[in-house]
1. Once you have a ≥ b ≥ c as the square roots of the Cα gyration tensor eigenvalues for the stretch 33-81, tell me rounded if a/c is under 1.5, and otherwise prolate or oblate according to whether a/b is larger than b/c.
2. With N set to the number of residues, divide the alpha-carbon radius of gyration of the chain by 2.2 N^0.38 Å and report two decimals.
3. Keeping the other protein chains in place, figure out the carbon and sulfur percent of the accessible area of the stretch 1-62, with a 1.4 Å probe.
4. What is the list of residues in the stretch 71-103 whose amide nitrogen lies under 17 Å from a point 7 angstrom out from the Cα of residue 35, following Cα to Cβ?
5. On a straight-distance basis, which aspartates and glutamates could pair with residue 94 in a cross-link, Cα separation under 19 angstrom, same-chain partners fewer than 8 positions away excluded?
6. Kindly work out what percent of the DSSP beta bridges joining two residues of the stretch 1-94 are antiparallel, to the nearest 5.
7. Hey, what number do you get for the chain at 222 nm if only DSSP H runs of n ≥ 4 count, each worth -39500 (n - 2.57), divided across all residues, to the nearest 500?
8. Taking amide H atoms as placed 1.01 Å from N in the peptide plane, list the residues 5 or more away in sequence, or in a different chain, whose amide H sits under 5 Å from that of residue 52.
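The values are calculated or read from the model by the stated rules, or taken from the named source; none is laboratory data. Worth saying up front: this structure is predicted, and the values here are computed from it rather than measured. Every residue, glycine among them, receives a Cβ derived from its backbone with ideal geometry; neighbour counts consider all protein chains shown. Side chains are part of the model used for accessible areas, which takes the heavy atoms of the whole protein and leaves out ligands, DNA and RNA. Shrake-Rupley method; radii C 1.70, N 1.55, O 1.52, S 1.80 Å.
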Amino acid sequence: MPITITKDNFQQEVMQSQLPVLIDFWAPWCGPCRMAGPIVDAVEQQTAGRAKVGKINVDEQPELAQAFQVVSIPMMVVIKGGQVAAQSVGVRPKEALIDMLGL
């Protein structure tokens, strides 16, 4: 199960992570986000121990959405060593997300 990322745990879970982190920016009312959800879950299961997968609800965490300049969702961002390594907008196949993680 992907972790829920908030402004309260962002530093610890994302910026200080030793593993690459895939973040799914989403919202419950977003149809494509609901389509992407099972794909993100599958990435999390397939990369367990090699990467972290988290979800940020843009409605509940507007500061994080603004910090990443999220204008369209779903938006996937990969953070490695505290830096944005890759990002994409829209529903992507599982293999594309794993490629973004560099695994």
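1. It comes out oblate by the Cα gyration axes.
2. Taking the Cα Rg and dividing by 2.2 N^0.38 Å, one obtains 0.94.
3. 54
4. Correct set: 72-76, 88-97.
5. Reachable aspartates and glutamates: 24, 41, 44.
6. Details: 11 of 20 bridges.
Antiparallel bridges make up about 55 percent of those DSSP assigns within the stretch 1-94.
7. -8500 deg cm²/dmol
8. 21, 22
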